[in-house]
Amino acid sequence: MSLDALSGYTVAVTADRRAEEQIELLERRGARVLHGACIRTLPLSSADGVLEATEAILADPPDAVVLTTGIGTRGWIAAAEAVGHGEDLVDAVEGAMVLARGPKAAGAALTAGIEITWRAPGARTGELLAHLGAEAAAGRRLRIALQLDGDPDAPLVGALEALGHEVVPVPVYRWTLPVDTTPALRLIAAVADGEVDAVTFTAAYTVGNFLTLAEGAGVVERVTERFASGEVTVAAIGPACSERIVAAGFGPPVEPAAQAMPRRRR
């Protein structure tokens, strides 16, 4: 892509984390960027359970570890390091089967020195469940340390327990609506009015928040029409995000090429 390939186009960015990096990359290629975060990533304190879960894992190492996100994996390790248990945590999971949902989680684990046993080929939660379902079907009931993503409902916990596994949830952060939704509402209004050419989403939960805010503003039908007609291009990072976009009726998104499995740093 040439440096001025997006000249004359307006791109709306809905992310909170690393939004500045995304905006800079788009502007360097000539785009005008409209930013309105539709999500807030709220780090959890030690009182919210991450250290309690870590201590439980150190006391009784798990049979399997499920890593769902890069930010969560890094945050979990950082929380353990803050209380002097970083190396202990890596040692505790060394003998476990370590499963990663996608390349970001796998990369964060490998950077910390944690070997990945298996990675979901399509980076989908359903693939994790199928893999662990096969373990249960073979009579292996596992003690699983589950690094939660930011969904406050944590549906993966119940799904794994329904398979017969014991789950130790590890909460690291939580997703919410922004405290000030004004920038997000301005962005949504611009989409509804056809004032942008593309919108980027980097997390499935962001799509849900975008839809909730659009419904509250009474413009969800106009927004959906803009996306579905192709008048406004919708771009997504990751299959979970893409699936949520399709489920919302926004049409098939533009997606980047799949990332290769990262190598462990030595």
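Could you check how much of the accessible area of segment 149-207 is carbon and sulfur, as a whole percent, using a 1.4 Å probe?
52 percent
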For residue 130 paired with residue 25, estimate the spin-label separation in nm (one decimal), with each label point 7 Å from Cα along the Cα-to-Cβ line.
2.8 nm
Among 117, 224, 14, determine the one that fluctuates most according to a GNM of the chain built with springs between C-alpha atoms less than 10 Å apart.
117
Keeping every protein chain in place, order 229, 242 by accessible area at 1.4 Å, biggest value first, i.e. largest first.
229, 242
For a quick check of understanding: with a 1.4 angstrom probe and all protein chains in place, what accessible area in square angstrom does residue 20 have, to the nearest ten?
130 Å²
Within segment 162-266: Cβ-based charge dipole about Cα centre, in debye rounded to nearest 20 (Lys, Arg +1; Asp, Glu -1)
780 debye
Kindly point out which whole DSSP H helices in the chain project their C-alpha atoms 30 angstrom or further along the helix axis while averaging a Kyte-Doolittle hydropathy of 0.0 or above.
none
Between residue 91 and residue 18, Cβ-based FRET efficiency (R0 30 Å, step 0.05) works out to 0.50
Need the full-extension length gain, residue 186 to residue 4, defined as separation in residues times 0.36 nm minus the C-alpha distance. One decimal, nm.
62.9 nm
With n ≥ 4 as the cut-off for DSSP H runs, can you work out [θ] at 222 nm for the chain, using -39500 (n - 2.57) per run divided by the number of residues, rounded to the nearest 500?
-12500 deg cm²/dmol
Segment residue 63-residue 257, length gained on full extension (0.36 nm per residue, minus Cα span)
66.6 nm
Determine the dipole magnitude for the chain: charges of +1 sit on the beta-carbon of Lys and Arg, -1 on that of Asp and Glu, nothing else is charged, the reference point is the Cα centre, and the result goes in debye to the nearest 20.
600 debye
Under 5 Å, built H, 5+ apart or other chain: amide partners of residue 35
13
Residue 101 accessible area, assembled protein chains, probe 1.4 Å, Å²
40 Å²
Cut-off 20 Å, label point 7 angstrom out along Cα-to-Cβ of residue 111: give me the residues of segment 135-158 whose amide nitrogen falls inside.
147-150
Once you have the Cα-Cα distance between residue 56 and residue 137, take 0.36 nm times their residue separation minus that, and quote the gain in nm to one decimal.
26.5 nm
Whole-number D in µm² s⁻¹ for segment 1-84, Kirkwood Cα-pair radius fed into Stokes-Einstein, 4 °C, 1.567 mPa s
81 µm²/s
Take 232, 90 and sort them by solvent-accessible surface of the protein heavy atoms, 1.4 Å probe, largest at the top.
90, 232
With a 1.4 angstrom probe the carbon and sulfur portion of accessible area for segment 30-99, in percent, totals 48 percent
Per residue, how much accessible area does the chain have with a 1.4 Å probe, in Å²?
49 Å²
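The values are calculated or read from the model by the stated rules, or taken from the named source; none is laboratory data. Model, not experiment: these values are computed from the prediction. Positions of Cβ are backbone-derived with ideal geometry, glycine not excepted, and every protein chain shown enters the neighbour counts. Ligands, DNA and RNA are excluded from the accessible area calculation, which covers all protein heavy atoms including side chains. Shrake-Rupley method; radii C 1.70, N 1.55, O 1.52, S 1.80 Å.
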